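The block underneath contains the structure these notes are about, expressed in structure tokens.
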Amino acid sequence: MANFKEVLLIVNPISGDVPKEKIIKEVEENTIHKGAGFHLYTTNGENDIENIQSFIKESGIDRVLVAGGDGTINLVAEAIKSYNFPLGIIPAGSANGLSTNLNLPKKLNHQIEIALGENFINMDILCLNDIICLHMSDLGINAELIRNYESSPIRGKFGYLIQSVPTLLQSEYPFHFEIKTDSEQREAEAVLLGIVNGNKYGTGANVNPKGKLDDGKFEILVFRRLNVIDILNTLREEAEPDPEFMEILQTTSATIHCKKPVAFQIDGEYIGEKEKIKIKILEEKIKIAVP
């Protein structure tokens, strides 16, 4: 018998280009096989957090699984962060950056086995201007790309690809930032300023070798310029970032001021243009099922 009684699967029906019907069917079969009850909630963008919390209370949920991308996982984490039960992840977004950091497997049956398993980490939760962040946020050109992608009818990685060229042509980079951390204050000119809990983008690019999801710290990545060779080097896990290309500041809190409003995204969701970002680590942790 499993160590849980009632499982809630939360599905984002429009994330990525992964068919959700197969995921739902296989999670339900595995849950019932383990002797637990199965429940399904499909996000619709209207009061999802409140609806999930009500569902949990009414149905006695003690294990939550989420099928979606980083934005959906962020939403679910916000809903359940005050509970102590685990969250299992079925990667079903366009980039799946957090799942890449957690080294989740590609095959669905293995993902479900881990999501319903008993091996966990207690992951840090960042808070940026009162919005939580689990994996990676940034100011600058990547946030502009996400903004343009969200307004496009084409989903999946191809949608990002076709938006990349117009984003580069239209962007007004470099951007000017003032960064204050636990230990220093400085100004920086950058094409992208990352606020990072993990170490990899969904592509596998290891942009933050110092990053750990559960070490009580986060990193600010200052990408000074756009350079194809340096970007390709980040795909090699052993590659040390060139300080002329990117600088890493490690801290437990920070405030970032922008000289003018800059595009801002959190866990793959475009938030808007911001002039000030205040960052801290919450006291709560989120229990995540891992291999």
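Since every read-out is calculated from the coordinates, none of them should be taken as a lab result. If you're wondering where the values come from, they're calculated on a predicted model, not measured in any experiment. As a convention, Cβ positions derive from the backbone with ideal geometry for all residues, glycine included, and neighbour counts pool all protein chains shown.
The figures follow:
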quantity	calculated
Likely footprinting exposure, CYS258, CYS133, fewest C-beta neighbours within 10 Å first	CYS258, CYS133
Contour minus Cα-Cα distance for LYS259 and GLU50 (0.36 nm per residue)	71.6 nm
Cβ-Cβ FRET estimate between PHE120 and GLU26, R0 fixed at 22 Å, reported to 0.05	0.55
FRET efficiency, SER183 to ASP17 (Cβ-Cβ, R0 45 Å, nearest 0.05)	0.55
Shape category assigned to region 6-118 from the gyration tensor of Cα positions, a/c cut at 1.5	rounded
Number of Lys pairs (Cα under 23 Å; 8 or more positions apart or on different chains) in region 1-159	22
Peptides ranked, highest mean first, by Cβ atoms within 10 Å: ranges 215-222, 85-92, 105-112	85-92, 215-222, 105-112
Pair THR42, GLN250: separation of 7 Å Cα→Cβ label points (nm)	4.5
R0 of 35 Å, Cβ-Cβ distance TYR173-LEU282: FRET efficiency to nearest 0.05	0.65
